[in-house]
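The values are calculated or read from the model by the stated rules, or taken from the named source; none is laboratory data. Here the structure is a predicted model, which means the values were calculated and not measured. So basically every Cβ, Gly included, is an ideal-geometry build from the backbone, and we count neighbours across all protein chains shown. Ligands, DNA and RNA are stripped out before the accessible areas are found, and what is left, the full protein with its side chains, is counted by its heavy atoms. Shrake-Rupley method; radii C 1.70, N 1.55, O 1.52, S 1.80 Å.
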Amino acid sequence: MPKWWWLLALGLAGCQSGGNALKLGTLLPLSGDLAQFGPGMQAAASLLVKTVNECGGVNGQPVQLISEDDQTQPSAGVSAMTKLVEVDRVAGVVGAAGSAVSGAAVDIAVRGQVVMISPASTSPVFTERAKKGELQGFWFRTAPPDSFQGTALAQLLQKRDWQKVGILAINNDYGRGLAQATQQALQKRGGQVVVTQFYEGQSASFDSEVRAVFGRNPQAVVLVGYPETGTLVLRSAFQQGFVPRIPVVLTDGLKDNQLAQLVGKTPQGDWIASGMVGTAPAAGGPGLQDFQQRYQQAFNQPPNVFAPNTWDAAAVLVLAAQAAQANQGANLQAKITTVANPPGVAVTDVCEGLALLKQGQEINYQGASSGVDFDPQGDVAGEYAVWMVNPDGTIKVVETITVKGS
């Protein structure tokens, strides 16, 4: 997306409010390896705040949204989160997207008692840290953890009768976590990972890593990555003659509408990525259709894969503030599950939810991405879409896999 597009999205947040108003931040990848996703996610958060401000705001005042670019880099994420917490003094943050960035930034949020809700960080590390009490209840996410996606990938692989597979993953929290979850889930079902190889996102060439995995002649290769570097990996696999001979299974980090165009065409004019399949969290919440219509009307294009999760993250924060009748992070933290989980009046419209809370009623927010019911670790269960790259380069969802926590 062009730079002007997300700058326009930033402007949708509405007026900048006074010191006693609810301040929220976004920590999203407007540049770097996840820049294909960040602007659409930012637009969803900005649209949510605009919608809320148009129906009266929170606790009697318009919401202020302060947006930061994490550049898909942990160091940049730390700097941006430090600013949001210590300078801007936000109560909650929507973000980050990449698990490595969230992992670097979450301690700052916890220390500052700021609620952090990620729309896309799926590493199982956060579940483990939450169980240990390290995140003190200030961490949530509206995308299910990769322990669930590993199960979905294993089911997909077995359905295609690919029992011996290789894994090629980016060397960060996301790549390592999903590679491990996939291997464990596949082994439980009698499958085998013949080789696992990690690649560095800053590398100039991925030829050797590609050979290390594809050269073992697995029945299929699972590629865990992001568009900027993952597409270069796919191009290398094609140039070395491994693709399309060896099928490639992709993950949510590569589900980009421009994936085929980024990878390129064969000399015969066909898309290299044609026929590749992958998994991604499936947005299927009760509020999805309404969100899609609002987004299409505002931006004249459909939302991207994590935009519904971003909308829900921002919605839960504003609803929690209204339920708490306070705009500080600790107050929001105490009300997150109150507004997101049963019991309460089921609502899909954030303005309806705010109105009911102002009347003193309890609500159960039903989101665009899912029912947004958080477990004690801040995780949501979910469904996974199996998606495929069509011969014309477009992406379509071909089936859905439901995965529940143990």
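In region 222-244, what residues are part of a loop (DSSP other than H, G, I, E, B) and open to solvent by less than 50 Å² (accessible area, probe 1.4 Å)?
Gly225, Tyr226, Gly241, Phe242, Val243 - these are the residues of region 222-244 that are part of a loop (DSSP other than H, G, I, E, B) and open to solvent by less than 50 Å² (accessible area, probe 1.4 Å).
Filter region 204-213 for residues that are touching a helix residue (DSSP H, G or I) at 6+ places or on another chain (Cβ under 8 Å) and open to solvent by less than 50 Å² (accessible area, probe 1.4 Å); which is nearest to Pro227 (Cα to Cα)?
Phe206
Residues checked against (1) under 30 Å from Ser208 (Cα atoms); (2) among the basic types (Lys, Arg); (3) in contact with a helix residue (DSSP H, G or I) (Cβ under 7 Å, 6 or more places away or on another chain):
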residue: Ala109; (1), (2), (3): no, no, yes
residue: Gln136; (1), (2), (3): no, no, yes
residue: Trp162; (1), (2), (3): yes, no, no
residue: Ala169; (1), (2), (3): yes, no, yes
residue: Gln180; (1), (2), (3): yes, no, no
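For residues that are assigned to a strand (DSSP E or B) and not small (Gly, Ala, Ser), scanning just region 162-189, find the one that is surrounded by the fewest Cβ atoms within 10 Å (Cβ to Cβ).
Looking at the filtered set, the residue picked out is Lys164.
Determine whether region 335-350 contains at least one residue that is open to solvent by 10 Å² or more (accessible area, probe 1.4 Å), touching a Pro at 6+ places or on another chain (Cβ under 7 Å) and in contact (Cβ under 8 Å) with a residue 12 or more places away in the chain.
The answer is yes, given that some residue of region 335-350 is open to solvent by 10 Å² or more (accessible area, probe 1.4 Å), touching a Pro at 6+ places or on another chain (Cβ under 7 Å) and in contact (Cβ under 8 Å) with a residue 12 or more places away in the chain.
Applying the selection to region 190-202, what residues are open to solvent by less than 40 Å² (accessible area, probe 1.4 Å) and not in a strand (DSSP E or B)?
Gly191, Gly201
State whether the residues of region 103-126 include one that is over 25 Å from Gly253 (Cα atoms), charged (D, E, K, R) and at pLDDT 95 or above.
Checking region 103-126: at least one residue is over 25 Å from Gly253 (Cα atoms), charged (D, E, K, R) and at pLDDT 95 or above.
Quick check on region 308-325. Is at least one of its residues touching a residue at least 40 places away in the same chain (Cβ under 8 Å), open to solvent by less than 50 Å² (accessible area, probe 1.4 Å), in a helix (DSSP H, G or I) and acidic (Asp, Glu)?
So far as region 308-325 goes, yes, one or more of its residues are touching a residue at least 40 places away in the same chain (Cβ under 8 Å), open to solvent by less than 50 Å² (accessible area, probe 1.4 Å), in a helix (DSSP H, G or I) and acidic (Asp, Glu).
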